Amino acid sequence: MADKKGGKKGGLSGEIIPADLSSGKGKSQGRGRGRPEFYPDWDMVDKLLGIQCNQTEVAAVVGCAPETLRHACRRDHQMTWREYSAEKTGIGKAALRRRMFQGAMAGNARLMVFLAKNYLGMTERTEVTGRNGRPIELNSTIDVKKLSDAALREIAAAGVEEGDEDDDD
């Protein structure tokens with residue numbers, strides 16, 4: 001869909017994408033034969049990888065197929081997409097980690113707890129023990145003589161399931 005200035009509407013927010021991309025970034029540049037090669041905006045690709053976008057998401061934003069992105073990466077950077085994206089996502093992860101540590105050091109209690117659990121191996125485990133820290137003793141024997149008649153009837157009713165009754169008829 002074109003607007004009055006020759007651009008086209010696109011993206012999630014409906015912003016105008018200029019028709020003239022004179023910088024050559026994100027534009028197909030023809031050589032005369034066959035399909036023109038696509039040159040992605042590598043600065044945009046780097047930013048998207050920094051926020052941990054996957055290949056399909058990056059390709060959708062820069063306007064090409066994932067296969068085209070892989071080919072362009074090999075052509076422009078002499079490395080596989082896997083190698084390139086690992087490098088750029090690693091930079092994003094390091095930046096996030098740095099900000100988390102800064103927040104924790106500034107007193108953010110939630111970040112302190114998260115980092116303590118993930119980096120220091122701390123847990124919020126609650127242990128219940130018996131007397132003097134010993135294991136809890138379980139007594140599995142029931143003194144039937146101490147039970148009331150009502151308690152005995154309840155136990156007997158719970159123990160009888162369908163089909164367990166004697167059929168003497």
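Calculate how large, on average over all directions, the projected area of the Cα convex hull of segment 26-119 is; give the answer in nm² to one decimal.
Working: hull surface 28.9 nm².
So the Cα hull casts an average projection of 7.2 nm².
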Query raised in the report: Whole-Hz Karplus ³J(HN,Hα) for segment 67-84, in order, using 6.51 cos²θ - 1.76 cosθ + 1.60 and θ = phi - 60°, x for Gly and Pro?
Result: 4, 5, 5, 4, 5, 5, 5, 4, 5, 8, 10, 6, 8, 6, 4, 4, 5, 5
Report summary line: Taking r as the C-beta separation of A60 and I136 and R0 as 45 Å, the FRET efficiency to the nearest 0.05 is 0.20
Requested in this report: Based on the mean of other Cβ atoms within 10 Å per residue, sort peptides 55-68, 97-110, 135-148 so the most packed one is first.
Outcome: 55-68, 97-110, 135-148
Report summary line: Scalar couplings 3J(HN,Hα) for segment 95-100 by Karplus 6.51 cos²θ - 1.76 cosθ + 1.60 (θ = phi - 60°), nearest whole Hz, x for Gly and Pro, are 5, 5, 4, 4, 5, 5
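Semi-axes of the equivalent ellipsoid of segment 51-169: what are they in whole Å, largest first, if each equals the square root of 5 times a C-alpha gyration tensor eigenvalue?
After diagonalising the Cα gyration tensor, the semi-axes are 64, 29, 12 Å.
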Requested in this report: Could I have the simple spin-label model distance between A150 and Q52, label points 7 Å from Cα toward Cβ, reported in nm to one decimal?
Outcome: 5.7
Query raised in the report: Once phi is turned into θ = phi - 60°, what whole-Hz ³J(HN,Hα) does the Karplus curve with 6.51, -1.76 and 1.60 give for every residue of segment 123-133, x standing for Gly and Pro?
Result: 9, 10, 8, 10, 10, 10, 10, x, 4, 6, x
Query raised in the report: Amide H to amide H under 5 Å from E37: which residues, 5+ apart in sequence or cross-chain, H placed 1.01 Å off N in plane?
Result: Q29, R31
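Bear in mind these aren't lab numbers, they're just calculated from the coordinates by the rules spelled out. Everything numeric in this text was worked out from a predicted model, so none of it was measured. Cβ sites come from the backbone with ideal geometry, for glycine too, and all protein chains shown count toward neighbours.
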